[in-house]
Amino acid sequence: MKDLTPRDHAESVATFRHAVIGPLCTRDLTHGQLAEALRELSRVAVRPPDSGLTKRYSVTTLERWLYAYRQGGLAALRPRERSDRGRGRHLTTELRQLICDIRREHPSASARLIVRTLEADGRLEPGTIKPGTVRKLLRQQGLDRVAVRDGVGATTRLRWQAAAPDALWHGDVCHGPTLTLGGVRTPIRIHGMLDDCTRYIVALEAHASERELDMLHVLTRSLRLHGKPDVLFLDNGSTYRGEVLQTACARLGISLVHARPYDPEARGKMERFWRTLREGCLDHLGQVGSLADVNQRLATFLERHYHLAPHAGLMGRSPLSAYAPPSARPTT
């Protein structure tokens, strides 16, 4: 009998709670007497299991323990495990999805690095989530580093990213919906330029065609706003192979690079943005009266949603915080 010890920590806690309320368990007390006994017991300092400090328990807590024991015995005094144990109560559904997306984009990123990056970008309050919680979440989703690293597929394509903002811009055209503008059915072509390092959109404009002249107008505007990139990475179509473009890039010192034909994966960052734009804006344009209206909707989508949203490819940072220096970020 001298070797009889609690089976686990929960039984240790239950035994401790029973010892605290023990004097009341077998006494036949009136309601008033019980209330007085609970008040007296609440003034007594006791030492919980595995604790170096003593503490006092409230009348409400002691009363709850007493009635639980009367109804369910010692088992009813075992502490209940939280239903969200190991899942991180401070992780919203959006943050959980973001963390999983970050691991898919960056298979080698450690849980500690993910937490540190999210804290630095203001997505997490410092100290609220431990790396161990993130590891458990990723393991539950089958996204631990070993599983992701050992994944197999038909084709292996290494991820690459420019080393700094404005080192490389992507240029492309997205075929938008056909709208009735001024009584005329008009096909919408969205010309865009994306910074590779930060996924920041340096230019986005709606036109009624995808001529070289339209693309040059978009490029000129982006150069005036943001300066020039080191490399311009464009589609292989005729829109991007004109002599004017080649001459302008040569004079500005911009290396002009075209994607290989039939290799859409090489423009994956731009394709992902087009998908985001369709889901968040183009598929919900509603009634618009002109191209100016379309461009205003595009600008609002960028300013209020895309540029401020966390991006898995940026370890949870937003394109705006990754692209713009702190002094240049908008205050609203």
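Below, the figures for the structure above:
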item	result
Test result for Ile129, assigned to a loop (DSSP other than H, G, I, E, B), in contact with a helix residue (DSSP H, G or I) (Cβ under 9 Å, 6 or more places away or on another chain) and buried (at least 18 other Cβ atoms within 10 Å of the Cβ)	yes
Count - residues of segment 1-35 that are at pLDDT 85 or above and either surrounded by fewer than 10 Cβ atoms within 10 Å (Cβ to Cβ) or over 19 Å from Arg70 (Cα atoms) (or both)	3
Filter result (more than 19 Å from Glu11 (Cβ to Cβ) and more than 43 Å from the chain's Cα centre (by Cα)) within segment 58-69	Val59, Glu63, Tyr67
Filter result for Arg70 (surrounded by 10 or more Cβ atoms within 10 Å (Cβ to Cβ) and among the charged types (D, E, K, R))	yes
Matching option when the condition is more than 23 Å from the chain's Cα centre (by Cα) and modelled with pLDDT under 85, among Gly289, Gly313	Gly289
Tally of residues being touching a residue at least 60 places away in the same chain (Cβ under 8 Å) and in contact with a His (Cβ under 7 Å, 6 or more places away or on another chain) across segment 218-234	2
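The values are calculated or read from the model by the stated rules, or taken from the named source; none is laboratory data. What you are looking at is a predicted structure, and each value in this text was computed from that prediction instead of being measured. Cβ atoms come from the backbone with ideal geometry, glycine included; neighbour counts cover every protein chain shown.
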